[in-house]
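The structure appears below as C-alpha cells.
Please treat every number below as a calculation from the coordinates, not as lab data. What you see is a predicted model; the values in this text were computed from it and never measured.
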Amino acid sequence: MTVQDTSTAPGATGVVLSEPAASKVKALLDQEGRDDLRLRIAVQPGGCSGLRYQLFFDERFLDGDQTYEFGGVEVIVDRMSGPYLGGAVIDFVDSIEKQGFTIDNPNATGSCACGDSFS
C-alpha cells in the first residue's frame with residue numbers, strides 16, 4: 001500500500017477545472033494573445049447569500065496562492081478563497097438554454113435563486 005499526498009491533489013483541497021472549461025479558458029486566453037495570464041478563481045463577500053465567485057484573468061502571483069494546471073491552463077486560488085473552494089468543480093456549459101461557467105461547490109450550504117452567490 002502506498003500513501004498519496006492529497007494536500008495538492010485537485011478535488012481534495014483544490015479546485016477542478018473540467019475539460020470543457022479548460023478548453024474554453026484556453027480559447028479565451030488565445031484571444032487575449034498573452035502568455036502571462038492565468039485564470040484566478042476567488043471568493044468575495046457579496047451577493048444575496050453572502051459570498052460570490054469571481055473568475056478573471058490575472059498576471060499576478062500573490063503570497064499564499066495555490067496553483068493548479070488543467071489542459072495547459074494555469075488556475076490560481078488565493079489563500080483566503082481556498083477553504084471555500086476545496087473540491088469545487090468549474091465547468092463550462094454551452095446549450096440552447098444556458099452558456100457560461102458553472103461551479104459545483106460541495107462547501108456551499110445554500111445559494112440564491114439567481115445562482116450568483118452562495119453561503
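The length gained by stretching the chain between Q99 and E74 to full extension, at 0.36 nm per residue less their Cα-Cα distance, is 6.8 nm.
Gain on full extension, evaluated as 0.36 nm per residue between K26 and F61 minus their Cα-Cα distance, stands at 10.7 nm.
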